[in-house]
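Chemist: Questions regarding the structure given below will be posed in turn.
The values are calculated or read from the model by the stated rules, or taken from the named source; none is laboratory data. Small disclaimer: the values here were computed from a predicted structure and weren't measured. Cβ sites come from the backbone with ideal geometry, for glycine too, and all protein chains shown count toward neighbours. All accessible areas refer to the heavy atoms of the entire protein, side chains included, with ligands and DNA or RNA removed. Shrake-Rupley method; radii C 1.70, N 1.55, O 1.52, S 1.80 Å.
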Amino acid sequence: MTIPFTPWPAAFAERYRAEGYWTGDPLTDVIDRHRGAAAEATAILCGERRFRYADVQGLSVRLAAAFRARGLRPGDTALVRLPNRAEFYLVFFALLRCGVVPVNALNSHGVYELTAYARQIEPALAVLPAADQALVALMTQTVGPERLLLLGAPSDDGIGGFAWADGDALAEDAAEPPPAADPSGVAFFQLSGGSTGTPKLIPRTHDDYLYSVRRSVEICGLDETCRFLCALPAPHNFTLSSPGALGVFHAGGTVVMAGDPSPATCFPLIARHRVTWAALVPPMLSVWLEAAGGGEDLSSLEVVQVGGAKLSPAVAERVPERLCCRLQQVFGMAEGLVNYTRLDDDPWTVVNTQGRPMSPDDEIRILDAAGHPVPPGAVGELWTRGPYTFRGYYKAEAHNARVFDAEGFYCSGDLVSLAPGGNLVVCGRNKDQINRGGEKIDAQEVEDLLAAHPAVGHAAVVAMPDALMGERSCAFVIAPPGTKPSELRRFLRGQGLADFKLPDRFVFVPDLPKTAVGKVDKQTLRERARKDNALMETTAS
Ligand code: OOB
C-alpha cells in the first residue's frame, strides 16, 4: 500500500533527477550516511543524555522492528505528538524505516487538532507523551491501546522510556525488514498553517525533502563542527529542514535539544555546549536581544536564523552587536519553497529582505489580482513551483483547484515584492490567517468553533498588530450582553483547541461589517482592531 499524492509531472521529475536534486535515497540517509568513525560522533544532546550517530541508527532500527512486531506495514500512517526530546527523532527515523507515514503534530496541538489529523489519515499508530491524559484517552479510542505508544520519563538507552498503552513492553520483530520504501513516494506529512477551516496536510516525498535538506546545508555551509540549538518545535519545517536538525545530521554535527526557546532555557545550553547555530522566530529574537549581555557566555554563536514571520529591520540591525554573530533571514513554508539571505550577503540585504529561493529550479511568479506579473519592486502575490514544492494537499481536491494554477504553480498567499539581487521582501498576506509570532492561526477554524457556542451569533477573527508578537488575534463576536471573554475562551479550550489559537482579545459587536458581495469585511475589522489597539495602548500608558 502507498499513500496517494499529487505527483510532479513526468517531465519535471525527470529534470529534477537529471539535475541531481532527486537522488533516490531515503530520508534516513541523513543518519545512515555516517559510518565507522563518523558514527561515533555526537548526533543529539538531550538533557544529560548523549546519542551518537550509531545510537540513533541502532535505536531507530530497533524501534522500527518493534513497530513491525505490532503489525505496522508500509503505507500505514501514524499520528505523533512528542516534545522536543531526542525520542522525537528516534520515532521519526523508525517510522521512515518501516515505511509508516507520520503526521508530526506540534507539541502545542491539542485534542481538536489531533482529531482533525486523525480523521484525515486514519492512523494505524499513535505516539504520545504518557502524561497527556486527554490525548491518551482520545487515541486509545482511535487506534486502540495495542497501537498506542507512550513516552514516559527519559531513559538512558533512548527507547526504554517507551511502552505500549496495553502495558506490554517493546518486543522486536526478528524477521528480515521489508524492502526499503520508494524514495519517490511520501515519507511524511508536513502541517499547513491553514486558512480554510480544516488543518491541511502536505505530503512530502523522500526525494523532495532530502533535496531541500541537502541544498540548505550547502547554502548554510554546515559541517560536522555545527552545534545546532533545537528550541522551536522540532516537527516544524524550519527546525526540521531549513537546514534544521536533519541538515545538521546530514552534515555530521550535533543537535542540542531545548524544551523551549526562552533565554532562561537556551542561554545556559549555548554556554555549556558551545552552540554555534540557533533558529528563532522574531518575538524570541527580541527577547534574546534584551536578555543578552546578562553574563551568560554566548560567544560560541556564529549564526542566528530568524524566520516564520516578518522580522522588522530595526530588530534585525541589532543582531551583530548584541549577539556578536551573523543573522540569516529565512522565509519558508511547510509546502516547500524556502528563501534564505546568504551568509555573505551585504548588510542591507540581510536586514531588509527575506532572502531568495534556495534552488536554481525554484520558479517564482509575483502576480497582481488579475494574474499578471507586477513590475520589479511592486507588491504582488507569490506563486511558486519547484523540486521541493508540493503539488497538492492530501485529499483536498476542491482546495487544490483553488491554490494551484494549470501549470502547477502554488499560490502561497503571501504578498511580496522583488528587491535587488532577486531577494524577496514579504509585505503582507492574502490569506485568512493570523501569524502570531510565527505560529499560524487559521481564522475560519476559530470562527467555526466560536459559532458552535450557543450564545454566539457570528464571529470573525482577524489579526491586530503587536509590538512583540508582530500580530495577535482579535475576535469580533455577536453575542448577548453579559457574554464574557473568559467563558468563550473556556469553551474553545474545552473543545481541545491549541492554546495559541485562543483569541487574545474579544470585541462584542451588534453587527459585522459586510463587503459589497455580502462577505464579512475583514479589512474594516482589521482596521478597527488596529485602532482599538492603539487606543488601548495610549490609555494604558
Ligand atoms: C514557516 O512555515 P509555515 O508553513 O509555518 O508558514 C509559512 C508562512 C509563509 O507563507 C509566510 O506567510 C510566513 O509563514 N513566513 C514569513 C517568514 N517565514 C514564514 N513571513 C515573513 N517573513 C518570514 N521570514 O514559517 C517556515 C518554514 C521553513 C522555514 C522558515 C519558516
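Chemist: Sort 515-521, 407-413, 228-234 by the packing proxy (mean of other Cβ within 10 Å over each peptide's residues), most packed first. Numbers along the way, then the final one.
Modeler: Details: 515-521: 10.4, 407-413: 18.3, 228-234: 25.6.
Result, highest mean Cβ count within 10 Å first: 228-234, 407-413, 515-521.
Chemist: Using a 1.4 Å probe and counting only protein heavy atoms, arrange V56, V426 so the residue with the most accessible area comes first. Provide the component values of the computation, followed by the final result.
Modeler: On the way: V56 0, V426 25 Å².
So the residues, ranked largest to smallest area, are V426, V56.
Chemist: Cα centroid distance between the stretch 447-515 and the stretch 16-67, in Å?
Modeler: 44
Chemist: Still on this structure, I have one more. Please list 235-248, 358-371 highest first by mean number of surrounding beta-carbon atoms within 10 Å per residue. List each step's numbers first, then the result.
Modeler: Working: 235-248: 26.6, 358-371: 15.7.
Peptide ranking by packing, descending: 235-248, 358-371.
Chemist: So what J values fall out for the stretch 248-253 if you push phi through Karplus, 6.51 cos²θ - 1.76 cosθ + 1.60 with θ = phi - 60°, rounded to Hz, Gly and Pro as x?
Modeler: 5, 4, 4, 7, x, x
Chemist: Which value in deg cm²/dmol, rounded to the nearest 500, describes the helix-derived mean residue ellipticity at 222 nm for the chain, given -39,500 (n - 2.57) per DSSP H run of n ≥ 4 and division by the residue count? Write down the numbers at each step before the final one.
Modeler: Details: 18 runs with 173 residues, N = 541.
Counting only the DSSP helices, I get -9500 deg cm²/dmol.
Chemist: Okay, moving on. How far, in nm, would the chain grow between A175 and A134 when pulled straight, counting 0.36 nm per residue and subtracting the alpha carbon separation?
Modeler: Gain on extension, A175 to A134, equals 11.2 nm.
Chemist: How much of the DSSP beta bridge set in the chain is antiparallel, as a percent to the nearest 5? Don't skip to the answer; put the middle values down first.
Modeler: On the way: 48 of 81 bridges.
Antiparallel bridges: around 60 percent, rounded to the nearest 5.
Chemist: Next up: Any idea of D466's accessible area? Nearest 10 Å², probe 1.4 Å.
Modeler: Rounded to the nearest 10, the figure is 40 Å².
Chemist: Report the label-to-label distance for S184 and D346 in nanometres (one decimal), using points 7 Å from each Cα along the Cα→Cβ vector.
Modeler: 4.5
Chemist: Counting Lys and Arg as +1 and Asp and Glu as -1, what is the net charge of the other residues whose Cβ lies under 11 Å from the Cβ of T254? Before the final figure, lay out each step's value.
Modeler: Details: positive: R50, R52, R227, R274; negative: E224.
Around T254, the charge tally is +3.
Chemist: Starting from the Cα gyration tensor of the stretch 208-258, take the square roots of the eigenvalues, sort them a ≥ b ≥ c, and report rounded, prolate or oblate (rounded when a/c is under 1.5, otherwise prolate if a/b is larger than b/c, else oblate). Before the final figure, lay out the partial values.
Modeler: Numbers: a/c = 2.14, a/b = 1.12, b/c = 1.91.
Oblate.
Chemist: Using the C-alpha gyration tensor of the chain, what are the square roots of 5 times its eigenvalues, in whole angstrom, with the largest one first? Walk me through the intermediate numbers first.
Modeler: Working: eigenvalues 241, 160, 126 Å².
Listed largest to smallest, the semi-axes of the chain are 35, 28, 25 Å.
Chemist: Leaving ligands, DNA and RNA out of it, rank S262, S299 by accessible area with a 1.4 Å probe, largest first.
Modeler: Details: S262 30, S299 80 Å².
Output order, biggest surface exposure first: S299, S262.
Chemist: Taking the Cα centre of the stretch 40-181 as origin and charging only Cβ (+1 Lys, Arg; -1 Asp, Glu), how large is the dipole, in debye to the nearest 20?
Modeler: Numbers: 12 positive and 16 negative charges, 57 e Å.
Computed charge dipole of the stretch 40-181: roughly 280 debye.
Chemist: Give the Debye-formula value of log10 I(q)/I(0) at each listed q (0.15, 0.20, 0.22 Å⁻¹), with one equal scatterer per alpha carbon of the stretch 40-181, two decimals each.
Modeler: Relative scattering, expressed as log10 I(q)/I(0), comes to -0.69, -1.25, -1.48.
Chemist: Turning to a different aspect of this structure: Determine the order of W8, W288 by accessible area, beginning with the largest, at a probe radius of 1.4 Å. Don't skip to the end; give the middle numbers.
Modeler: Working: W8 25, W288 0 Å².
Reading off the accessible areas and sorting them downward yields W8, W288.
Chemist: Under 8 Å for C-alpha pairs, at least 6 residues apart: give me the relative contact order for the stretch 40-181, rounded to a whole percent. Could the numbers behind the result be given before it?
Modeler: Details: 232 pairs, mean separation 35.7, N = 142.
Reported relative contact order: 25 percent.
Chemist: Send over the Kirkwood Rh of the stretch 1-67, from the inverse of the averaged 1/r over different Cα pairs, rounded to one decimal Å.
Modeler: Working: mean 1/r = 0.0675 Å⁻¹.
Every distinct Cα pair counted, the radius reaches 14.8 Å.
Chemist: Along the charge dipole of the stretch 131-217, Cβ charges K/R +1 and D/E -1, which of A165, V213, G152 sits furthest on the positive end?
Modeler: Going by the Cα projections, it comes out as V213.
Chemist: Length gain on complete extension for the stretch Q523 to A18, per 0.36 nm per residue less the alpha carbon to alpha carbon distance? Walk me through the numbers on the way to the answer.
Modeler: Working: separation 505, 0.36 × 505 = 181.80 nm, distance 4.65 nm.
Computed gain between Q523 and A18 is 177.2 nm.
Chemist: Among bridges DSSP assigns within the stretch 40-181, what percent are antiparallel (round to 5)?
Modeler: Values: 7 of 18 bridges.
Bridges in the stretch 40-181 are about 40 percent antiparallel.
Chemist: Taking Cα pairs under 8 Å and at least six residues apart, what relative contact order does the chain come out at, in percent? Don't jump to the answer; show the numbers that get you there.
Modeler: On the way: 1135 pairs, mean separation 64.9, N = 541.
That works out to 12 percent.
Chemist: Sticking with this one: Using the Cα atoms of the stretch 111-220, I'd like the radius of gyration and the largest Cα-Cα distance, Dmax, both in angstrom.
Modeler: Using the Cα atoms of the stretch 111-220, the pair Rg, Dmax is 17.1, 47 Å.
Chemist: May I ask you to derive the relative contact order of the stretch 436-540, considering only C-alpha pairs under 8 Å and at least 6 residues apart, and to give it as an integer percent? List each step's numbers first, then the result.
Modeler: Numbers: 141 pairs, mean separation 27.3, N = 105.
Reported relative contact order: 26 percent.
Chemist: Can you run phi through the Karplus equation (6.51, -1.76, 1.60; θ = phi - 60°) for the stretch 323-339 and list ³J(HN,Hα) in whole Hz, with x for Gly and Pro?
Modeler: 3J(HN,Hα) across the stretch 323-339, in whole Hz: 10, 6, 8, 8, 10, 10, 8, 10, 10, x, 8, 4, 5, x, 2, 10, 10.
Chemist: Shifting gears a bit: Mind putting a number on the dipole of the stretch 436-540 about its Cα centre? Charges go on the C-beta only, +1 for Lys and Arg and -1 for Asp and Glu, and I need it in Debye to the nearest 20. Mind showing how you got there, number by number?
Modeler: Details: 16 positive and 15 negative charges, 18 e Å.
Computed charge dipole of the stretch 436-540: roughly 80 debye.
Chemist: I need two numbers for the stretch 456-541: Rg to one decimal and Dmax as a whole number, Cα atoms only, in Å.
Modeler: Gyration radius and largest Cα-Cα distance of the stretch 456-541: 13.4, 40 Å.
Chemist: How far, in nm, would the chain grow between A534 and R73 when pulled straight, counting 0.36 nm per residue and subtracting the alpha carbon separation?
Modeler: Working: separation 461, 0.36 × 461 = 165.96 nm, distance 5.57 nm.
Roughly 160.4 nm would be gained on extension.
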